[in-house]
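The values are calculated or read from the model by the stated rules, or taken from the named source; none is laboratory data. Source: prediction; values computed, not measured. Because the Cβ atoms are built from the backbone with ideal geometry, glycine has one as well, and the counts that use them run over all protein chains shown. Please note that ligands, DNA and RNA were not included when accessible areas were found on the heavy atoms of the full protein model with its side chains. Shrake-Rupley method; radii C 1.70, N 1.55, O 1.52, S 1.80 Å.
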Amino acid sequence: QVQLVESGGGLVQPGGSLRLSCAASGSIFAIVAMGWYRQAPGKQRELVATITSGGSTNYADSVKGRFTISRDNAKNTVYLQMNSLKPEDTAVYYCNWLTLMQSYWGQGTQVTVSS
């Protein structure tokens, strides 16, 4: 059974940085893309960044130039480097792995940006 485990969230001051990790346990085949989404209180879940199996990346306008998505295939892990964090980045961050057959979600990790 495939499980995604996120880590790296926490409390950071505005302007600070965090790196989120999402490690997959079990075997995942036919991966189409991996991504990070976030959900702030009272808001819908929104896409933050994706990376395809071919390495193409896509970012929400609100995080372009500040966040970087990357992956380590050998470790079955996808990362989200978040720099220049703003209070509006506060949310629960979820990773997603999309295959040809199924979509997998992590349990979420809280990111709070506050002074």
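Keeping every protein chain in place, order F67, F29 by accessible area at 1.4 Å, biggest value first, i.e. largest first.
Ranking F67, F29 by accessible area, largest first, yields F29, F67.
Under unit Cβ charges (Lys, Arg +1; Asp, Glu -1), what dipole magnitude, rounded to 20 debye, does the chain have relative to its Cα centre?
Using Cβ point charges on Lys, Arg, Asp and Glu, the chain gives about 60 debye.
List the lysines whose Cα sits under 23 Å from the Cα of K64, skipping any in the same chain fewer than 8 residues away.
K43, K86
Each residue of the stretch 24-41 in order: what ³J(HN,Hα) in whole Hz does its phi give by Karplus 6.51 cos²θ - 1.76 cosθ + 1.60, θ = phi - 60°, with x for Gly and Pro?
After applying 6.51 cos²θ - 1.76 cosθ + 1.60, I find 9, 9, x, 9, 10, 10, 6, 6, 9, 7, 10, x, 10, 10, 9, 9, 8, x Hz.
Which values of log₁₀ I(q)/I(0), to two decimal places, follow from the Debye formula for the stretch 71-115 at q = 0.22, 0.34 Å⁻¹ with a uniform point scatterer at every Cα?
-0.89, -1.22
By average Cβ neighbour count within 10 Å, what is the ranking of 75-82, 105-112 from highest down?
Per-residue mean Cβ counts within 10 Å order the peptides as 75-82, 105-112.
Count the net charge of all other residues whose Cβ sits under 9 Å from the Cβ of Y94, scoring Lys and Arg as +1 and Asp and Glu as -1.
So the environment of Y94 carries a net charge of +1.
Farthest toward the dipole's positive end in the stretch 52-112, which of G54, N96, Q107, given Cβ charges of +1 (Lys, Arg) and -1 (Asp, Glu) about the Cα centre?
Positive-end residue among those listed: G54.
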